[in-house]
Amino acid sequence: MKSQKNRAITVATLLVMFCSSGCHAREAGGGQQHPMFVPAAGSPIAVGCGPTDVVIGDLNRDGKPDIIAACEQTRGLTVLLATGAGSFRVLNRIALPDPPGNKVLGDVNGDNHLDLAIDSHDSYGVMLFLGDGKGGLSLAPNSPIVMREGQQPHTHGLAMADINGDRKLDLITANNAHNDLSVAFGDGRGGFTRAPATFPVGPSPYPFAVGDINNDGHPDIIATASATGPQRSHLFPDVPTMRELGHKDLVVDTWYGIYAPAGTAPAAQPAVATPAAPADDKK
């Protein structure tokens, strides 16, 4: 219990670091090495929960970037407004209907205030909060935005971008269990219409990025893929899929591997290569 208590105290803070000396790790001419970042005054910042992620944006339009900290275990958000010189004050705490996942900020209803979209790992819905320009966020009447129909939600990525070129922000999510991306087109007033079809990608997509990579003026999507889908990863062609190993219904979020340096003693190699216990997909 003591270790859990100490952990709770540790994760209930935000560590703010300042880039020092232009972020030069070493002075010109190969001189003395200096720290690239230094703790900000008042850091870490207590937020009253175990923050799992943060997003930064100017919520009250004072020219200073503010912080929204997400707390997965307590299903909440903490809004911290910047007071200047890297310091922050807690404005309010917001309860969420689902555990928060990825978060993005953008003006979805055209009032020049930042709004917040949040996905949740075990839901097809995107929670939408409208900003009031003073740091406040309120749940939108049409929230959640349902990005996909199905029986196995497993959301691993969220972005805002103008996908169809109408100058209105759209929503994109990655559906890890379905090997596809979902798009909902924004109307510029806070409403969204789901695209008639999803967009297939590689097996088990994880967080993705949006950008114009071919310079044609249209945003493109770069999605990652793991080796847990029905096909082997081209990065690891010798690694069998779970389906090939007989676990057809097993979904694995992440692959873990153990590496040993060349020249490892033969007597030690079986300990690295042999699993300690067989996989059990019935638990």
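Read the figures in this text as sums done on the coordinates, not as results from a lab. Bear in mind that the values here come from a model prediction, so they are computed numbers and not experimental data. Positions of Cβ are backbone-derived with ideal geometry, glycine not excepted, and every protein chain shown enters the neighbour counts.
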- Query: Got the relative contact order for the range 82-240 handy, in percent, Cα pairs under 8 Å and 6 or more residues apart?
  - Reply: 15
- Long-range amide H contacts for Gly125: which residues qualify at under 5 Å (H placed 1.01 Å from N, peptide plane, sequence gap of 5 or more or a different chain)? Met147
- Message: Which order do the peptides 263-271, 216-224 come out in when sorted by mean C-beta neighbours inside 10 angstrom, highest first?
- Response: 216-224, 263-271
- Task: Net charge near Leu181: determine it from the other residues with C-beta under 13 Å of the C-beta of Leu181, scoring Lys and Arg +1 and Asp and Glu -1.
- Result: -2
- Message: Per 0.36 nm of contour for each residue apart, how much would the distance between Asp53 and Gln73 grow if the chain were fully extended, relative to their Cα-Cα spacing?
- Response: 6.0 nm
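If you add up the charges near Leu158, with Lys and Arg at +1 and Asp and Glu at -1, over every other residue whose beta carbon is less than 12 angstrom from its beta carbon, what do you get? Walk me through the numbers before you get to the answer.
Working: positive: Lys103; negative: Asp53, Asp119, Asp170.
Taking every Cβ under 12 Å from that of Leu158, the sum is -2.
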- Item | aspartates and glutamates whose Cα lies under 16 Å from that of Lys134, excluding same-chain neighbours fewer than 8 positions away | Asp58, Asp62, Asp66, Asp107, Asp111, Asp115
- So if we plug the beta-carbon distance of Asp249 and Asp162 into 1/(1 + (r/R0)^6) with R0 = 35 Å, what FRET efficiency do we get, rounded to 0.05? 0.35
- Want the number for Asp98 to Ala40: 0.36 nm per residue separation, take away the alpha-carbon distance, what's left? 17.7 nm
- Going by the alpha-carbon gyration tensor, a ≥ b ≥ c the square roots of its eigenvalues, is the range 121-232 rounded (a/c under 1.5) or, if a/c is not under 1.5, prolate (a/b greater than b/c) versus oblate? oblate
